Amino acid sequence: MSSKKSVGFLASILEQPWGLWTLQARRLARIEVRRNMLSWKATWIYFLAFIPTCIIFIHLLVDRHTTTALTEDTNVLAGIMQFYYIRLGVFFGCLGIFSRLIRGEMVERSLHFYLLAPVRREVLLLAKFIAGSISAIALFAAAVLADFVLMYVGFGPAGQEYIFHGPGLGQLEAYLGIMVLACLGYGAVFLLLSMMFKNPMPAAMLVMGWEAINPVMPSLLQKISVASYLRHLMPITIPGDGIFALLTVQTEPVSAGVAVLGLLLLVGVVLAYSCVRIRRLEIRYTTE
């Protein structure tokens, strides 16, 4: 009996119009990417992504780049990744990008056009998530790549040796991978919050506080955090001073594979619950 049920369940899945849903998601995502990347409202997100690039460029022009300073600049770049991008830049950048996908359109009174179209709400939600992820990843990955190049180009042959024959390329790959996972993780969280609250900012501040104190929480609770997984992927860990020491508390080491799978599982759970929420989403413009 159970085998017949499983066969019927698989048959019902295969009978779904996956081709149509994929086509709809691609077209919706293309529209949303253009809106996210080319809108003047995204200017401050570009600022968040590239302000370290501007500072590193000034450092390139002003300071001398001796071979002895290579290690120091490597630690500075690791600190920018660890304390700025993960904790502030990507956090608030994804808040700005993903909160506009649902709540922003409700405020602009345009979301109902999507909801009245012959598109499943789950397809609409996932298309918006894909579009937001593409926008955030493209923006912050480009910024990190520019930071990396500008940090080492001033060292000349020593910088090239460090990148191509030393640990440089491995560190760059780790930083880019962390950017991708951070955008996916924070994006899924803020997309859900934009459906749950009229103003997602207070909830985002609570999430930020949770991420800050998470290293001192029990190991089970640490799994409900984006930064806790990213912390295990950093190629270089910089100890924090003062209040930043809370962000660098040593926790039980986890392999890179487990950290990546854990974060992807967290993203999947959040997106699954978001699909349930959007099925019950009601728009009352008189109360927005």
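Scan A245, A182, A256 and give me the residue that is at pLDDT 90 or above and within 30 Å of A69 (Cβ to Cβ).
Working: A245 fails: at pLDDT 90 or above; A256 fails: at pLDDT 90 or above.
So the residue among A245, A182, A256 that is at pLDDT 90 or above and within 30 Å of A69 (Cβ to Cβ) is A182.
A quick yes/no check of all residues on (1) within 18 Å of M196 (Cα to Cα); (2) at pLDDT below 90:
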| position | (1), (2) |
| --- | --- |
| C94 | yes, no |
| I97 | yes, no |
| L116 | no, yes |
| L126 | yes, no |
| F129 | yes, no |
| A142 | no, no |
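If only one of L181, L220 is in a helix (DSSP H, G or I) and without any contact (Cβ under 8 Å) to a residue 12 or more places away in the chain, which one is it?
Residue meeting the stated conditions: L220.
Just need a number here: residues in the range 105-145 that are over 18 Å from the mean Cα position of the chain (by Cα) and part of a helix (DSSP H, G or I).
Residues in the range 105-145 being over 18 Å from the mean Cα position of the chain (by Cα) and part of a helix (DSSP H, G or I): 13 in total.
State yes or no: is G132 surrounded by 14 or more Cβ atoms within 10 Å (Cβ to Cβ) and either out of contact with any Pro (no Cβ under 7 Å at 6 or more places or on another chain) or farther than 19 Å from R279 by Cα (or both)?
yes
Any residue at all in the range 83-92 that's buried (at least 20 other Cβ atoms within 10 Å of the Cβ), under 22 Å from W40 (Cα atoms) and modelled with pLDDT under 90?
no
Of everything in the range 116-152, what is touching a helix residue (DSSP H, G or I) at 6+ places or on another chain (Cβ under 6 Å) and without any contact (Cβ under 8 Å) to a residue 40 or more places away in the chain? Give them in sequence order.
A141
Restricting the range 181-223 to residues that are touching a helix residue (DSSP H, G or I) at 6+ places or on another chain (Cβ under 6 Å) and hydroxyl-bearing (S, T, Y), which is farthest from F92 (Cα to Cα)?
S194
The values are calculated or read from the model by the stated rules, or taken from the named source; none is laboratory data. What you are looking at is a predicted structure, and each value in this text was computed from that prediction instead of being measured. In this analysis, Cβ positions are derived from the backbone assuming ideal geometry, glycine residues included, and neighbour counts consider all displayed protein chains.
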